[in-house]
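Data block below; observations after.
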Amino acid sequence: MSPRHREDPRHRHQRLRVAEEAARLIIEGGQGDLEAARRKAAARLGVRGEALLPTGEEIREALRGRQRLFAPGRPSELRRLREAALEAMGFFAAFEPRLVGPVLDGDASPGSVVSLHLHADDPDALALLLQERGIPAQPRHRRLRLERGRAAELPSWEFAADGVGFELVLLPVQALRQPPLDPLEERPMARASAAALRRLLDDSAD
């Protein structure tokens, strides 16, 4: 997208409208899929054209604005979700888990799920563990961009524990060195190891 498009006040106004609607959909739906929310928001508002679609950061800023207004208890809820994520990452430690999405970004809303990327080259390894431990996880698929120009349907599972929803996405081990791309921008997704999440929790307790 050219700088001229980004500087056009009309385009900026439309992008912010879509960002606000996407933020509303994310908060009310409790999901963290920014790409799906952006697409749905644009369709609802009748907005077409790449220049009129907000960036990931514009949607996250709209989310933060709504959360400041409507979720005064958000810091304690965010900490609860991060602590649940850390516990789950310990349970799935053999799969080199990485936390992604709104719980990591700090944009979690009531009902947000903890999204973890797990890694194994055996596609059945995680399903077997879930079965052996009696975790009633529902199989799904998650579409991620593993590299520019190529998206893949990856196996995923959803379950709830202690009132927290979890999404597990199984990626090949190679993705530890080469994370999937952000769904809205040409850069690797932000992810955190258990050690990084523990430091984040420690810092937020100060």
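Here residue 69 passes the criteria (1) modelled with pLDDT under 85; (2) under 22 Å from residue 169 (Cα atoms) except the one numbered (2). Within the range 92-132, being among the charged types (D, E, K, R), within 13 Å of the chain's Cα centre (by Cα) and within 14 Å of residue 179 (Cα to Cα) holds for one residue alone: 98.
Taking the numbered list (1) closer than 19 Å to residue 196 by Cβ; (2) at pLDDT below 95 in turn, residue 143 passes all entries but (1).
Right, residue 54: outside any strand (DSSP E or B) and surrounded by fewer than 21 Cβ atoms within 10 Å (Cβ to Cβ) or not? In short, no.
Condition first: in a loop (DSSP other than H, G, I, E, B), in contact (Cβ under 8 Å) with a residue 12 or more places away in the chain, assigned by TED's automatic domain parsing to the domain that holds residue 199 and within 20 Å of residue 201 (Cβ to Cβ). Can you find one or more residues in the range 76-93 that meet it? Break it down into steps so the answer makes sense when it comes.
Narrowing the range 76-93 to residues in a loop (DSSP other than H, G, I, E, B): 92.
Still in the running and in contact (Cβ under 8 Å) with a residue 12 or more places away in the chain: 92.
In the following step, the residues that additionally are assigned by TED's automatic domain parsing to the domain that holds residue 199 were identified as 92.
Keeping just the survivors that are within 20 Å of residue 201 (Cβ to Cβ) gives 92.
Yes, that holds for at least one residue.
Applying the condition of being among the charged types (D, E, K, R) and over 20 Å from residue 154 (Cβ atoms) to the range 103-136 and asking which residue is surrounded by the most Cβ atoms within 10 Å (Cβ to Cβ) yields 107. Return the total of residues in the range 181-199 being modelled with pLDDT of 95 or more and not in a helix (DSSP H, G or I). So the count comes out to 3. Quick check, is residue 152 modelled with pLDDT of 95 or more, surrounded by 14 or more Cβ atoms within 10 Å (Cβ to Cβ) and either of a type in the set (Val, Ile, Thr) or farther than 28 Å from residue 67 by Cβ (or both)? Criteria not met by residue 152. Looking at residue 156, is it under 20 Å from residue 178 (Cα atoms) and in the same structural domain as residue 78 (by TED's automatic domain parsing)? For residue 156, the condition - under 20 Å from residue 178 (Cα atoms) and in the same structural domain as residue 78 (by TED's automatic domain parsing) - is met. Might you let me know whether the range 179-195 holds any residue that is buried (at least 19 other Cβ atoms within 10 Å of the Cβ), of a type in the set (S, T, N, Q), within 30 Å of residue 58 (Cβ to Cβ) and under 19 Å from the mean Cα position of the chain (by Cα)? Scanning the range 179-195 turns up no residue that is buried (at least 19 other Cβ atoms within 10 Å of the Cβ), of a type in the set (S, T, N, Q), within 30 Å of residue 58 (Cβ to Cβ) and under 19 Å from the mean Cα position of the chain (by Cα).
The values are calculated or read from the model by the stated rules, or taken from the named source; none is laboratory data. Here the structure is a predicted model, which is why all the values come from computation and not from measurement. Methodologically, a virtual Cβ is constructed for each residue, glycine included, from the backbone with ideal geometry; neighbour enumeration extends over all protein chains shown.
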